[in-house]
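Here is the structure we will look at, set down as structure tokens.
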Amino acid sequence: MNKPAPPPRKALGRGLSALLPPPAAPAAAAATSATVVALELTQIQPNPLQPRRHFAPAGLEELAASIRAQGVLQPVLVRPAGSGYELIAGERRFRAAQLAGLERIPALVRTFNDERTFAVALIENLQRADLNPVEQAQAFQELGQRFRLTQEQIAQQTGKDRTTIANALRLLRLEPSVLALVAEGRLSPGQARPLIPLDPEHQRTLAQQIAEQGWSARRVEEHLQRLARPLPPPAAPAPRDPNEVDAETQLARALGAKVAIKAQKRGPKARGVIEIAYFDLEEFQRLFERLTGAAGR
């Protein structure tokens, strides 16, 4: 008998009504109307809850060129703030419009509280895949903390797998300079995650090496496995020839000094080295006279 298929995962952004309180009652008709209004750019301030922190200059310039030619094709989403408005979604379009020299931008006005504003901004960025891995991890963390959600609940509300959420949050345990390499794209999450158990100094050193030499994630894991493997015990020294030991003892007594015989080859064609140790010039002079017979001449 076939098992019933599991229920489909919620689409990205659905279910927010269960997560967030309903929006406050509108202060004006513009706050609830779906009509697009043209707002002056100077009336709009950036969203301090924006999960996205980095906007690539080249991408903004490209969008600005498109806006100069075609205009802003999709309105930004704003909420009333003081005597003006605050961005909820569409900051990239807003910045590109500034670059393009526009004075006004099409906008939808909504009355959202801080929690709803953050959730909408996060979900819009996730839908567009605009966040780098560190920004995404920080956004998941912020979403969980603001609404006291488990990783499974964050996954349900964003349409991501719970494993994806867990792996993203683990990145935040990396040393800040290593996180910066991930945010810049010089390290992938797969290259960086194996470094988490290391102390901060080793994380920094190895992360720089990985970035410079382009190690694969697999090579990083194999390298760390080798480092964790215990060193083999030192090999036991080979047994010495009793005759060499006896000769070494007799020479040491005859010379009154430490002597070491190091055989390099044994048998009929034996060869090796005899080392005689001295510890100051006076002892060297004594050994020299003993070996050359200079004292008796």
What are the ³J(HN,Hα) couplings of segment 97-112, residue after residue, when phi is run through the Karplus curve with 6.51, -1.76, 1.60 and θ = phi - 60°? Round to Hz, x for glycine and proline.
5, 4, 4, 6, x, 6, 9, 10, 9, x, 8, 9, 9, 10, 9, 10
Name the long-range amide H neighbours of GLN45: under 5 Å, sequence gap of 5 or more, or other chain; modelled H, no Pro or chain starts.
TYR85, GLU86, LEU87
List the aspartates and glutamates whose Cα lies under 19 Å from the Cα of LYS269, skipping any in the same chain that are fewer than 8 positions away.
ASP241, GLU244
For segment 242-292, what are the per-bin percents of Cα-Cα distances with bins 10 Å wide, up to the bin holding the maximum?
23, 48, 24, 5
What is the sum of charges around ALA100, taking Lys and Arg as +1, Asp and Glu as -1, for the other residues whose C-beta is under 12 Å from the C-beta of ALA100?
+1
As a footprinting exposure proxy, order TYR278, TYR85 by other Cβ within 10 Å, with the fewest listed first.
TYR278, TYR85
Grab the beta carbon distance between GLN74 and GLN145, set R0 = 25 Å, and tell me the FRET efficiency rounded to 0.05.
0.25
Below 8 Å, C-alpha to C-alpha, sequence gap of six or more: please give me the relative contact order for segment 174-224 in percent.
41 percent
Segment 138-189, dipole about Cα centre (Lys/Arg Cβ +1, Asp/Glu Cβ -1), debye to the nearest 20:
100 debye
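Values quoted throughout were computed directly from the atomic coordinates according to the rules given, and no laboratory measurement underlies them. Quick caveat: nothing in here was measured; it's all calculated off a predicted structure. Heads up, the Cβs are rebuilt from the backbone with ideal geometry, glycines too, and the neighbour counts pull from every protein chain shown.
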